[in-house]
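Please read the structure below before turning to the comments.
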């Protein structure tokens, strides 16, 4: 009888989930700004992936005879102080910037989801300890810690941590960005652990891991998706800021951040060297933020009423 009740409850949850997905898509598709942001993000992502097909140059190709060429038919965004094509470097630099952003979000979502699920499901002293750890991470100055940790990691001189790689930047940014995600997932886990299907799973002897992975996590996924979308913009800004300060991916490997580094003295003579990388950061961050806001409104229709 218990198995039949649990099966019926599961089927009802599946139908509700399908209906929820349809409602979310309908609300999201009505938001024109959100759709525009999503389209812009996908277009930029597709362009950086297809970079070899969109430019005949390489990002490190030097041509000192073409230094500081303004935008033209041959060089759409002009050239820099070493004669490198800026359009090419923007495309290949976008690969690094977006990859670092996506990887760091993956790390932060993974850590935050794990902490939030454990904290919300078990509660008690486990919840208190994990949330105090989150408070400690929230209280430290993020930029300072990023610089210190990346410097220490590179001091180990491991192949995957050398200046030309982006693994340490993504890892450190992700490990310092999980706190907000953990609080969102914790709140969802606190709510879901008292629901009927969770109680029914306990009655039939399901393990805590099974309950967390098959019952609580799917229902908390919407919070994680929204957090990932909104966190992507912050991760891209963090990577760009670190690269601009010289602690991110090092030249000659291009990123949008290190392309801006050293262009202050060129603003009057060759402003395009700074305008186009900065414009790409601005466009992608605005697009991702609009996409995240629209997704949040679609997943939580009551949020629109609260604003």
For region 184-307, the Kirkwood Rh over every pair of distinct alpha carbons, in Å, works out to 17.8
Taking the Cβ of each residue in 226, 286, 203 as the centre, tally the other Cβ atoms inside 10 Å and list the residues starting with the fewest. 203, 286, 226
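Give the order of 30, 195 when sorted by the count of other beta carbons within 10 angstrom, beginning with the fewest.
In order of increasing Cβ crowding within 10 Å: 30, 195.
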Taking the number of other C-beta atoms within 10 Å as the exposure measure, put 179, 259, 77 in order starting with the fewest. 179, 77, 259
Let me know the shape class of region 26-102, please: from the alpha-carbon gyration tensor, a ≥ b ≥ c as square roots of the eigenvalues, rounded when a/c is under 1.5, otherwise prolate if a/b is greater than b/c, or oblate. prolate
Roughly how tilted is helix 217-245, in degrees to the nearest 10 and between 0 and 90, from the longest Cα axis of the chain? 20
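Rounded to the nearest 500 deg cm²/dmol, what is the calculated helix-only ellipticity per residue at 222 nm for the chain, with -39500 (n - 2.57) per DSSP H run of length n ≥ 4?
-24000 deg cm²/dmol
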Between the helical axis of 86-122 and the dominant principal axis of the chain, each derived from Cα atoms, what acute angle in degrees is found, rounded to the nearest 10? 20
Most fluctuating residue of 184, 213, 171 in a GNM of the chain with Cα springs under 10 Å: which is it? 213
Based only on Cα atoms, what Rg/Rh ratio does the chain have, Rh being taken as Kirkwood's radius? 1.06
Of 277, 252, 168, which has the largest mean-square fluctuation in a 10 Å C-alpha GNM of the chain? 252
GNM of the chain, Cα pairs under 10 angstrom: of 291, 43, 131, the biggest fluctuation goes to 43
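Quick note: the coordinates plus some simple rules give every number you see, no bench work behind them. Nothing here was measured: the structure is a model prediction, and the numbers come from that model. Neighbour counts are summed over all protein chains in view; Cβ atoms, including those assigned to glycine, are modelled from backbone coordinates with ideal geometry.
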